[in-house]
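The structure appears right after this line, and notes come after that.
No lab work stands behind these numbers, since they all come straight from the coordinates. This one's a predicted model, so the numbers in the text were calculated from it and none came from an experiment. Ideal geometry is used to build each Cβ from the backbone, glycine not excepted, and the neighbour counts take in all protein chains shown.
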Amino acid sequence: MKTIESRYDASAEAYRTWWEPVLAPTALDLLDRHERTAGQPVGRVVDVGTGAGLLAIEAVRRWPAVQVSGLDGSAVMLGIAEAAARDALGTPALRRISWLRGQAERLPFEDQTIDLVVSSFAYQLVPRLTVALGEAFRVLRPGGRLAFVTWRIADIRFAPDDAFEDVLDELDLGDEAGDAEEARAGDLASAGATARRLRRIGFRSVLTREAWLTHDHDPATYLDFLEGYAERELFAEIEPDQRARLRDGTTERLARLRPAAFRWRVPVVHALARRPESIERGP
C-alpha cells in the first residue's frame, strides 16, 4: 500500500504544473474571505498541507505582519514550495516564510501559539478529520482563526473523463492502476455538517458555505493533463504499445466533444471559524 505522501513525492512537479493552476483561484479566494471577515492577520500563520506553497507564499506576499509556516507530509512537495517561494518573493519576505514536514493530525507546534491556520484542498486527505481539526484548535491562540476549503461530496459526470474511461474499457485497462492508497477522510458531506463538526470541537463564529470550483480545461492539452498528472500512474504502468493505443483512442474520443464539455465544475466547502477567547460554558 502506498502512502499519500509517497504519491505526492512522486507527482510533485506534475502537481505544480497541472493541478495547482486548477485549484489556485478557489484557494486564493479563501484568503480573500478570511480578510473580509477578520481583517489582515498579525502573528504566526500555518498552512496545513501546503503542497507547492500557493497559500503560504500568497499569505507572506499580501500580509506584511505575519510569519508563515508551510506544513506538508511530502518532502518533495516542500522542496517545490521552497523553490517557488525563492522565485516569487524578495529577501525580506523570504525571511518570513519557513517549511516544515509534518502531519495535520500531529501539528508540530505548542498549544495556543498560532494566530491563523489555513488549508486548501488538504483536509480531505487526512485519515481522521475531527482529529486534524482538533489539532488546529489546539495550536490556535484564544481568538485565533481557522480558514479552509476543500471538496464537497458530489457525483458529477465529466465528459472528457467519461471518454477516457470508455477507451480504458475498450482496451481492457480499467484495473491496471497500481497499489491502493491508505485511508483518508474524504470529501465533506455539506457545509452544515462541517459547521456542526467545528462547533463540537469548540470553534465559534463558524461560517461555512458551499461554492463551485470551475475550470476550463484546454481540449488541446487535456490528454497531456491525464498522462502528466491525473492518470500518471496508469500511463506509467502499462506497456508502451498499450500506452500508444490509449493515447490514440483518447485523442479520437476527445476530438468528438465540444469545447464547452471541457468546463469542469465541482462543489467545494469554505469554512471560517474562531477559537473563543475563553472557555464558553453552557447554562
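Treating r as the C-beta distance of Ala183 and Arg263 and R0 as 30 Å, the FRET efficiency rounds to 0.40. In the list [x] 20.1, 71; [y] 18.3, 55; [z] 19.6, 64, the label attached to Rg and Dmax of the Cα atoms in Å as derived from the coordinates here is [x].
Count Lys and Arg as plus one, Asp and Glu as minus one, and take only other residues whose Cβ is under 14 Å from that of Ala191; the net charge is then +4.
Antiparallel beta bridges, as assigned by DSSP with both residues in the chain, represent about 45 percent of the total such bridges.
Residues with beta-carbon under 15 Å from that of Glu110, excluding Glu110: net charge, scoring Lys, Arg +1 and Asp, Glu -1? Neighbourhood net charge equals +2. Of Ile114, Ile201, Ile153, Ile4, the sequence from fewest to most neighbouring Cβ atoms within 10 angstrom is Ile153, Ile4, Ile201, Ile114.
Helical content of the chain, expressed as a calculated mean residue ellipticity at 222 nm, amounts to -12500 deg cm²/dmol (DSSP H runs of 4 or more residues, -39,500 (n - 2.57) each, divided by residue number, nearest 500). Charge tally around Thr214: other residues with Cβ under 10 Å, Lys/Arg +1 each, Asp/Glu -1 each, net +1. Only beta bridges with both residues in region 22-180 are counted; by DSSP, about 5 percent of them are antiparallel.
Note on region 28-165: Kirkwood radius taken over Cα pairs, Stokes-Einstein applied at 20 °C and 1.002 mPa s, translational D equal to 137 µm² s⁻¹. Inter-part distance, region 183-225 to region 106-178, computed on C-alpha centroids, equals 8 Å.
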